[in-house]
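To start, the structure under review is shown below, and the notes come after it.
FYI, it's all coordinate maths here, none of it is from the lab. Here the structure is a predicted model, which means the values were calculated and not measured. We place every Cβ from the backbone using ideal geometry, glycine too, and count neighbours over all the protein chains shown.
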Amino acid sequence: MQLRHALSVVLPAVAGVITLTTTAAAAPAIGSSPVPAQVECRVEHTVTDFGFGFNALLKVTNTGPDPVTGWRVEFDLSPNAVIKTTFGGRFTSSSGHIQVNAPDWLPTLAPGRYANIGFNGSKPTGTGVTASNVTLDDVPCTT
């Protein structure tokens, strides 16, 4: 009986503390909302042409005032160019549109910092290779 009485006193008190602690930790601050990062970028594109193949590098610099975490670069690659190997991010492509997601070792681009995104590939002899419509998190980059 004493144990039952002790539990009937202690358990409601512990439950109240747990509820208050959980509720207080989960409650958002009044009037606060996350502010999205201000994204601005510049891109430099260099290509070494081997006639039937190429080596390309996009240097994407965060020129904005805020860090960009979990960044994503997208661009359109010239028709008939085929990417064979990549470095500097996690590449995916769809009909000449390329998306590069931040690698684990460079998850954030601080202001003034850059990502080197490189790729090698093949193309028909006599054609050039360009990357156009380069964006950083959907914001167009200047050249």
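Kirkwood's formula applied to the C-alpha pairs of the range 41-140 gives a hydrodynamic radius of 13.7 angstrom. Here the spin labels are modelled as points 7 Å beyond Cα on the Cα-Cβ line, and at Asn80 and Leu57 they lie 2.7 nm apart.
In this structure, the amide hydrogen of Val129, modeled 1.01 Å from its nitrogen in the peptide plane, lies closer than 5 angstrom to no residue at least 5 positions away or on a different chain.
Shown in residue order for the range 95-104 are the 3J(HN,Hα) couplings computed by the Karplus curve 6.51 cos²θ - 1.76 cosθ + 1.60 at θ = phi - 60°: 6, x, 9, 10, 10, 10, 9, 3, x, 4 Hz (x for Gly and Pro). Modelled this way, with points 7 Å down the Cα-to-C-beta line, the labels at Thr46 and Ser95 are 3.4 nm from one another.
Taking θ as phi - 60° and the Karplus parameters 6.51, -1.76 and 1.60, the scalar couplings of the range 114-124 work out to 9, 10, 8, 10, x, 7, 10, x, 10, 7, x Hz in sequence order, x denoting glycine and proline.
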